[in-house]
1. Working only within the stretch 257-282, note down all residues that are part of a helix (DSSP H, G or I), farther than 17 Å from Glu193 by Cβ and touching a Lys or Arg at 6+ places or on another chain (Cβ under 9 Å).
2. Please pick out the residue among Gln203, Gln195 that is in contact with a Pro (Cβ under 8 Å, 6 or more places away or on another chain), of a type outside the set (D, E, K, R), surrounded by fewer than 19 Cβ atoms within 10 Å (Cβ to Cβ) and farther than 30 Å from Gln416 by Cβ.
3. Would a scan of the stretch 267-290 turn up a residue that is farther than 29 Å from Arg18 by Cβ, in contact with a Phe, Trp or Tyr (Cβ under 9 Å, 6 or more places away or on another chain), at pLDDT 95 or above and open to solvent by 20 Å² or more (accessible area, probe 1.4 Å)?
4. Which residue out of Ala505, Ala434, Ala497 is open to solvent by 50 Å² or more (accessible area, probe 1.4 Å), at pLDDT below 95 and of a type in the set (A, V, I, L, M)?
5. Can you give me the number of residues within the stretch 108-123 that are hydrophobic (A, V, I, L, M, F, W, C), over 21 Å from Lys194 (Cβ atoms) and either free of Cβ contacts under 8 Å to residues at least 24 places away in the same chain or open to solvent by less than 30 Å² (accessible area, probe 1.4 Å) (or both)?
6. Within the stretch 83-99, can you find the residues that are in contact (Cβ under 8 Å) with a residue 24 or more places away in the chain and either open to solvent by 10 Å² or more (accessible area, probe 1.4 Å) or not in a loop (DSSP other than H, G, I, E, B) (or both)?
7. (1) of a type in the set (Asp, Glu); (2) touching a residue at least 12 places away in the same chain (Cβ under 8 Å); (3) over 20 Å from Arg336 (Cβ atoms): which one isn't true of Glu22, the others all being true?
8. Given the options Gly186, Gly180, name the one that is surrounded by 16 or more Cβ atoms within 10 Å (Cβ to Cβ), on the phi > 0 side of the Ramachandran plot and at pLDDT 95 or above.
Amino acid sequence: MTDPHGFLRVPRRPVPARPVEERLGDWNEVYAGQARLPLVSEQAGRCMDCGIPFCHNGCPLGNLIPEWNAYAARDDWWAAAERLHATNNFPEFTGRLCPAPCEDACVLTINADPVTIKNVEQAIADEIWARGYAPPRPPERLSGKTVAVIGSGPAGLAAAQQLTRIGHTVAVYERADRVGGLLRYGIPAFKMEKQHLNRRIEQMRSEGTKFRTGVDVGSDLDAIELTRRHDAVVVAVGARGQRELPVPGRDLHGIHQAMDYLAFANRVGEGDYVSSPVTAEGRHVVIIGGGDTGSDCLGTALRQGASSVVQLDINPEPGEARRDTEPWPTYPKVYRISHAHAEGRERDGTDPRIFSSATLRLEGDGHGHVRGLRLAEVEPEGRRPRPDTEQVISADLVLLALGFYGPERGTDLMKQLALTLDDRGNFARDAGFAAETAERARGPEPTVRTGTDGVFIAGDAGRGQSLVVWAIAEGRSAAAAADRYLSGSTELPAPVAPSDRPMVA
């Protein structure tokens, strides 16, 4: 512990973002170029070093938050880096992308403002690279075993790095033309610049991980053949099944899935296009869906020069304070403002969101292109439209950000590996594997195996749509299970099991 009275003397002060007008003029991160270290070190000193650090429970990775807070408060960045990397392969990703449920679980949150854990994590992660504290860590010797990882999102990358470092020969197969999954084409650059992803991939290459891009396993490469070539296979294809909007007018032109829209924008940044084939420039944009993906679409549309942007959320507007039904240390549903929401408010003077609203139909212009959206207020219970609340808003670009129902179904990969679905619609995992050997006495066994011998499921493919921290934790657990399968035992950590869930009331 640094200063036992730090949380009493020092108020919470997050790292300020760049001015809205400045950041809407580029695609750089909202914090790019902002001075962090003096502020972050002071804020890290607010950590109480609680007897029971509930921030650990808020994070599925089991991050050693009080420890690296203490080191950051003393400007001991090497020790802070070691503690942060002990539980997290990619802190530069999580420090930028995670909504920080650890902060809502901070003990200070009971009656004060929590420690700025997310800012501290990002600062340490950046110092890791600036000071050369992240050299490649190739294995001392090879096991002679080979592993194929299908999918290069955060779960697949985490599994691949863990298995490579323990000595297995790992090849990652990615159907897109570049490595990274949603980190590459789903996350806008203003949330995480791609240099951070590229740098980590180069580190993994230096450690010995091989990457095979442009390979759709199941279609371009038979999955059964892949199991014959490798001693184990980790399936980390994500939850890419996008929910649809079954309303009249859905077939009009100008209506796109959010992930397709975001991918086009990211490909402009990669140099594939001069301008996006689907752009918001000069258009009235309506985003249907109130989650993080919708917020990413909002920030993208503003930077592309949309005439107006509205984001529809079927849920009621949350209150400012935690409700009694969502007690500490759970992650509460409170009114939150993302950087994109703040940008929309400053540009247009109002919150771009319309809460408690449902789309009734999409209206065209007579030439097959969307020109308006008819919506209505909905009741909190049952989400039925309220009478006499219908209105039509202008829309010539509609983006569907309705979330994901799970992994894509009916694919050749699913058929060839005999993958089945659980009651949540995700790839099923063999619960019987949990009680397999006496190794279970060392800790809970991650039940990540499938009914096909040597095949393991990691990330959103088995869990469903979730946070980047859960994806990395799942990748680490899948690596531990695969290593135990290959070697008979494992020293790799397994932070979560498939039955684990975020803390909710």
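The values are calculated or read from the model by the stated rules, or taken from the named source; none is laboratory data. The structure presented is a predicted model; accordingly, all values stated were derived computationally and were not measured. Ideal geometry is used to build each Cβ from the backbone, glycine not excepted, and the neighbour counts take in all protein chains shown. Just the protein is used for accessible areas: all its heavy atoms, side chains included, with ligands, DNA and RNA removed. Shrake-Rupley method; radii C 1.70, N 1.55, O 1.52, S 1.80 Å.
1. Hit for the stretch 257-282 is Met259, nothing else.
2. Of the residues listed, the single one that is in contact with a Pro (Cβ under 8 Å, 6 or more places away or on another chain), of a type outside the set (D, E, K, R), surrounded by fewer than 19 Cβ atoms within 10 Å (Cβ to Cβ) and farther than 30 Å from Gln416 by Cβ is Gln203.
3. no
4. Ala505
5. 4
6. Once the filter is applied, which keeps residues that are in contact (Cβ under 8 Å) with a residue 24 or more places away in the chain and either open to solvent by 10 Å² or more (accessible area, probe 1.4 Å) or not in a loop (DSSP other than H, G, I, E, B) (or both), the stretch 83-99 yields Leu84, His85, Thr87, Pro91, Glu92, Phe93, Thr94, Gly95, Arg96, Leu97, Cys98, Pro99.
7. Unmet condition: (2).
8. Checking each option against the conditions leaves just Gly180.
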